[in-house]
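The values are calculated or read from the model by the stated rules, or taken from the named source; none is laboratory data. As the structure is a prediction and not an experimental result, all values here were calculated from the model. Note that each Cβ is placed from the backbone with ideal geometry, even for glycine, and that neighbours are counted across all protein chains shown. Quick note on the areas: whole protein, heavy atoms, side chains included, nothing else; ligands and nucleic acids left out. Shrake-Rupley method; radii C 1.70, N 1.55, O 1.52, S 1.80 Å.
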Amino acid sequence: MANSGTGAARPAWRLAAIEALNVIVALQFIPLLAALAGLCAFTWRRTGSHAPGALLSGLFVTWYVVAGTATHVG
């Protein structure tokens with residue numbers, strides 16, 4: 001387990017607040033992975049190749065991550 005910045009290692013059973021928030025943020029990827037699985041299965045059945053599904057999945061994940069990134073201008 002990584003140090004918490006105070007020099008003492010945290011016990012493995014104790015989650016810091018930031019780690020709990022990471023779990024909340026990561027929950028949004030479960031429906032995304034389910035949608036990608038459906039997309040890949042559909043393209044595999046239509047084309048018989050993995051390449052179109054991989055390309056579309058990569059584009060979709062890129063779009064999803066970029067659209068969900070917070071930016072600050074000014």
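Here are a few things to note about the model shown:
- Qualifying residue in the stretch 28-35 (condition: open to solvent by less than 50 Å² (accessible area, probe 1.4 Å) and at pLDDT below 95): yes
- One residue stands out among those in the stretch 60-74 that are surrounded by 10 or more Cβ atoms within 10 Å (Cβ to Cβ) and either touching an Asp or Glu at 6+ places or on another chain (Cβ under 8 Å) or among the β-branched types (Val, Ile, Thr) (or both): the one that is farthest from ALA26 (Cα to Cα), which is THR62.
- Test: residue in the stretch 41-48 that is out of contact with any strand residue (DSSP E or B) (no Cβ under 6 Å at 6 or more places or on another chain), outside any helix (DSSP H, G or I) and modelled with pLDDT of 95 or more: yes
- The lone exception for GLY5 - which of (1) open to solvent by 70 Å² or more (accessible area, probe 1.4 Å); (2) modelled with pLDDT of 75 or more it fails: (2)
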